[in-house]
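Encoded as structure tokens, the structure appears first; notes follow it.
The values are calculated or read from the model by the stated rules, or taken from the named source; none is laboratory data. As the structure is a computational prediction, the values presented were derived from the model and not from experiment. Using ideal geometry, Cβ is built from the backbone for each residue, glycine included, and neighbour counts are taken over all protein chains shown. The accessibility values were calculated without ligands, DNA or RNA, using every heavy atom of the protein model including side chains. Shrake-Rupley method; radii C 1.70, N 1.55, O 1.52, S 1.80 Å.
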Amino acid sequence: MLSNTMTLEEIRAKALCLYEALHEHPEPSGEEVWTTESIKAECNAIGLEILPMRLQTGLVARLRGCGDRAVALRADIDAVTLEYPLRRPFGKAAHYCGHDCHTAALLTAARMLSLLPQSERKNDIYFIFQPAEETMRGAELLLSCGLRTAFDKPLTAIYGIHNRPEVKAGDIAAESGPRMAAKCDFAISILGVGGHGGEPQLCRDPIVAAAELITSAQTIVSRSTAPQDACVLSFCSVNGGSAKNFAPTGVELTGSIRTLSDEVMQAAYARLSELTDGICALYGCTARIQRTAFSPVTYCSERLLHMARSAAQAALADTGCGFASPAPAMGADDFAHFAELAPTFYYWVGSGKADGSSVPWHDRAFEADEGFFPSAVLLYAYSALQYEKSSER
């Protein structure tokens, strides 16, 4: 069916054209205004129905089918916020995670699907262009701004795609189970008694308490977590003090916990809370710990595995690429929140360069190989159509 709509060369050319425009206009989470308007213009040109939602950025569009069910396809649209802004055209953000690739692929897939006769689209297809994935807030924002009630037919599946630079461009990973980690961002405030560095006996130094906590918290992975259970605990910022000869009153710490099990996450956070209270009390300080963001484990549904593998096989038959089996990643994706609506499946499509020069997500040298596009576009399209055929009763 899809071979009657666009050739591989047309797919590549269209996706690259969209990608290049998006790549030159990166916008950070919650500020994807130009990106949203560009997506909207392309959706209107294709003939998609843009749904009314209470969103500042991001959008959801629909392509009607002839059946009584619905399936959804998701792409994230935001860029990575930079600690040290670059010169234009990038400024304070850049597409160092490949979300511009995902958006270009989904828009191209939407065009392909729109060229099919409606009779060949058995169910409605929803295209979710999600903002603010990098801050782990966009999925929940969509849910609270109308996505829960956007579907007027039973939603049977939601598919997402993310590039994977460690995998050869165009190869596809389609496996059940955990794919991306649960992530809990935390903030810890330690309050002590400041004073002169020459009179430490009069101080309750929060820097010393913070140093002990940072060191002791590493035992959560080494001594409080089973060796076969993946867990990463990272302190990512430490702020406190400004003078050379005074102990500060307070120290602020931020970091994250990542696991491949929601149960391990709960246990790790509980242990961090215990260590925070106990160690700070030992040094005569008080402390407060709070979660600042959370996303559960991104699972690929066993229920969708057969349909997902069939869709991947169809895409690979067209592109000549192959299956890949990379290990789960300890990065996180708030795509996991969409499991509230329907079974979800999260593919990886290789974006790695043939010469092995690819670098990880968020590296300033990150650049996806264009071989990503044909497989990603076809995978989006076949996923929608494959589930429709399988859902006929």
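Determine if region 353-368 includes at least one residue that is open to solvent by less than 30 Å² (accessible area, probe 1.4 Å) and touching a Lys or Arg at 6+ places or on another chain (Cβ under 7 Å).
There is no residue in region 353-368 that is open to solvent by less than 30 Å² (accessible area, probe 1.4 Å) and touching a Lys or Arg at 6+ places or on another chain (Cβ under 7 Å).
Could you look through region 250-276, keep only residues that are modelled with pLDDT of 95 or more and touching a Pro at 6+ places or on another chain (Cβ under 7 Å), and pick out the one that is least open to solvent (accessible area, probe 1.4 Å)?
Looking at residues that are modelled with pLDDT of 95 or more and touching a Pro at 6+ places or on another chain (Cβ under 7 Å), I get Val251.
Can you work out which of the residues in region 280-312 that are among the aliphatic types (A, V, I, L, M) and buried (at least 22 other Cβ atoms within 10 Å of the Cβ) is nearest to His337 (Cα to Cα)? So that I can check it myself, show each step before the final result.
So in region 280-312, the residues among the aliphatic types (A, V, I, L, M) come out as 281-282, 287, 289, 293, 297, 304-305, 307-308, 311-312.
Applying the additional criterion that residues be buried (at least 22 other Cβ atoms within 10 Å of the Cβ) yields 287, 297, 304, 307-308, 311-312.
Values: Ala287: 31, Val297: 9, Leu304: 17, Met307: 21, Ala308: 19, Ala311: 23, Ala312: 23 Å.
Filtering region 280-312 for residues that are among the aliphatic types (A, V, I, L, M) and buried (at least 22 other Cβ atoms within 10 Å of the Cβ), the one nearest to His337 (Cα to Cα) comes out as Val297.
Are there strands (runs of 3 or more DSSP E) fully within region 117-195 with at least 2 residues that are of a type outside the set (Gly, Ala, Ser) and within 30 Å of Ala211 (Cα to Cα)? List them.
Values: elements: 124-130, 155-168, 177-180, 182-191.
Fully inside region 117-195 and qualifying: 182-191.
I need the full set of residues from region 65-94 which are modelled with pLDDT of 95 or more and either open to solvent by 80 Å² or more (accessible area, probe 1.4 Å) or within 15 Å of Leu142 (Cα to Cα) (or both), in order please.
Across region 65-94, the qualifying residues are Ala72, Leu73, Arg74, Ala75, Asp76, Ile77, Asp78.
Search region 184-198 for residues that are over 28 Å from Arg258 (Cβ atoms) and pair each with any residue that is among the aliphatic types (A, V, I, L, M) and open to solvent by less than 10 Å² (accessible area, probe 1.4 Å) when their beta-carbon atoms are under 7 Å apart and the residues are at least 6 apart or on different chains.
Gly192/Ala209
Thr215 versus (1) among the β-branched types (Val, Ile, Thr); (2) under 30 Å from the mean Cα position of the chain (by Cα); (3) part of a strand (DSSP E or B): which is the lone unmet condition?
Thr215 satisfies every listed condition except (3).
Take the residues in region 356-393 that are of a type in the set (S, T, N, Q), outside any loop (DSSP other than H, G, I, E, B) and at pLDDT below 95; name whichever of them is farthest from Val71 (Cα to Cα). Walk me through how you get there before you give the answer.
Narrowing region 356-393 to residues of a type in the set (S, T, N, Q): 357-358, 375, 383, 386, 390-391.
So of that shortlist, the ones also outside any loop (DSSP other than H, G, I, E, B) come out as 375, 383, 386, 390.
Still in the running and at pLDDT below 95: 386, 390.
On the way: Gln386: 10, Ser390: 12 Å.
Step by step, filter region 356-393, then rank; the result is Ser390.
Could you check region 10-57 and list, in sequence order, the residues that are open to solvent by 60 Å² or more (accessible area, probe 1.4 Å), closer than 22 Å to Asp369 by Cα and touching an Asp or Glu at 6+ places or on another chain (Cβ under 8 Å)?
Selection gives Arg12 alone.
Quick test of your reading of the structure: Ser242 fulfils all but one of (1) open to solvent by 30 Å² or more (accessible area, probe 1.4 Å); (2) within 24 Å of the chain's Cα centre (by Cα). Name the failing condition by number.
(2)
Any chance region 321-332 includes a residue that's among the small types (Gly, Ala, Ser), over 30 Å from Val221 (Cβ atoms), part of a loop (DSSP other than H, G, I, E, B) and in contact with a helix residue (DSSP H, G or I) (Cβ under 9 Å, 6 or more places away or on another chain)? Talk me through it step by step, then tell me what you get.
From region 321-332, those among the small types (Gly, Ala, Ser) are 322, 324-325, 327, 329, 331-332; that's our starting set.
Subset that is over 30 Å from Val221 (Cβ atoms): 322.
Filter once more, keeping what is part of a loop (DSSP other than H, G, I, E, B): 322.
Filter once more, so that each one left must be in contact with a helix residue (DSSP H, G or I) (Cβ under 9 Å, 6 or more places away or on another chain): 322.
Looking for residues that are among the small types (Gly, Ala, Ser), over 30 Å from Val221 (Cβ atoms), part of a loop (DSSP other than H, G, I, E, B) and in contact with a helix residue (DSSP H, G or I) (Cβ under 9 Å, 6 or more places away or on another chain), one finds at least one in region 321-332, hence yes.
For Ala105, indicate whether it is hydrophobic (A, V, I, L, M, F, W, C), crowded, with 17+ Cβ neighbours inside 10 Å and either part of a helix (DSSP H, G or I) or in contact with a His (Cβ under 8 Å, 6 or more places away or on another chain) (or both).
Considered against the rule, which asks whether it is hydrophobic (A, V, I, L, M, F, W, C), crowded, with 17+ Cβ neighbours inside 10 Å and either part of a helix (DSSP H, G or I) or in contact with a His (Cβ under 8 Å, 6 or more places away or on another chain) (or both), Ala105 comes out as yes.
Return a yes/no flag: does region 199-209 have any residue that is in a strand (DSSP E or B), of a type outside the set (A, V, I, L, M, F, W, C) and buried (at least 23 other Cβ atoms within 10 Å of the Cβ).
no
Filter region 321-338 down to the residues that are more than 14 Å from the chain's Cα centre (by Cα) and of a type in the set (A, V, I, L, M, F, W, C) and list them by number.
Step one: filter region 321-338 for residues more than 14 Å from the chain's Cα centre (by Cα), giving 321-327.
Within region 321-338, Cys321, Phe323, Ala324, Ala327 meet the criteria.
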